[in-house]
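The values are calculated or read from the model by the stated rules, or taken from the named source; none is laboratory data. On a predicted model such as this, the values are computed, not experimentally measured, just so you know. Note: ideal-geometry Cβ built from the backbone for every residue, glycine included; neighbour counts use all protein chains shown. Only protein heavy atoms, including side chains, enter the accessible area calculation; ligands, DNA and RNA are left aside. Shrake-Rupley method; radii C 1.70, N 1.55, O 1.52, S 1.80 Å.
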Amino acid sequence: GRPLLERARKATLAAGGQVIEVTRDILAKVSRRDNPQAVIGVFRQVFARLEDLDPAAATGWVALHRVRDPGNLGTVIRTADAAGCGAVILVGECCDPYSVEAVRATMGSIFALPLVRVDEADFAAWRAGWPGSVVGTLLSATVSHAEAAYRRPTLILLGNEQQGLPPDMAALCDVNVKIPMRGRADSLNLSVAAGVMIYAVTN
Ligand SMILES: C[S@@+](CC[C@H](N)C(=O)[O-])C[C@H]1O[C@@H](n2cnc3c(N)ncnc32)[C@H](O)[C@@H]1O
């Protein structure tokens, strides 16, 4: 009897989906929440291919090398969406963007932009044809992120939470930059660094 649910039900059926009524217990089990929402959507997972991406479609693009934390990944996807980035590219062995934790952290942005999975060799080959700057983010870099000149479209490459960006990946970049840190922290959280970089290159 709720108008929004009725609209969602009609739209789902019109799109060829199924609507299944279940008990609250089942909703709790599926959502892994004690206090579940009244509706859960189930969608096919979608990945794009590098060759499907059009660099002219956006000024900012994000690539993550071996990201491990699903919360970080979901937050990066959400931030990339908010800033109008073209895609999030997962390079090497990354965590699953469709895991419960990652999807939750995207707050719906999982539907907003293409996700690509690629190994290091294919990424390196594709990057060779990138028309703008490829910017690595590296704690040992000597160039500040605010001083570098970025050519658009700008592809930002971020490293793994523990190891950072390895030398072979940093070598693929036109410039490697560091976000200055004035306190005692040895690094920023990956998704925070991504946020700073995404807004630096898209504004
Ligand atoms: C938690 S950090 C990795 C720390 C790792 N111990 C290292 O040595 O690089 C995860 C990623 O966030 C980005 N990052 C974090 N702090 C940064 C900073 N101050 N400047 C540039 N990138 C940073 C880099 O992409 C880094 O690979």
Margin query: Checking the conditions here, which among ALA149, ALA141 is surrounded by 14 or more Cβ atoms within 10 Å (Cβ to Cβ) and either away from the ligand (no atom under 14 Å from the Cβ) or not in a strand (DSSP E or B) (or both)?
Written below: ALA141
Checklist line | Qualifying residue in the range 175-182 (condition: more than 14 Å from ALA63 (Cα to Cα) and touching a Pro at 6+ places or on another chain (Cβ under 8 Å)) | finding: no
Notebook entry, point to check: Which one is surrounded by the fewest Cβ atoms within 10 Å (Cβ to Cβ), of the residues in the range 152-202 that are free of Cβ contacts under 8 Å to residues at least 12 places away in the same chain and of a type outside the set (Lys, Arg)?
Noted result: GLY183
Check: Looking at VAL100, VAL67, which one is open to solvent by less than 30 Å² (accessible area, probe 1.4 Å) and in the same structural domain as TYR150 (by TED's automatic domain parsing)?
Finding: VAL67
Notebook entry, point to check: (1) open to solvent by 10 Å² or more (accessible area, probe 1.4 Å); (2) in a loop (DSSP other than H, G, I, E, B): which one isn't true of GLY132, the others all being true?
Noted result: (1)
Next item on the list: For the range 181-200, state whether one or more residues are in a helix (DSSP H, G or I) and more than 21 Å from ARG68 (Cα to Cα).
Entry: yes
Checklist line | Checking ASP81 against (1) modelled with pLDDT of 95 or more; (2) more than 19 Å from VAL201 (Cα to Cα); (3) in the same structural domain as SER191 (by TED's automatic domain parsing), the condition it does not meet | finding: (2)
Next item on the list: Kindly indicate which of VAL42, VAL46 is open to solvent by 80 Å² or more (accessible area, probe 1.4 Å) and modelled with pLDDT under 95.
Entry: VAL42
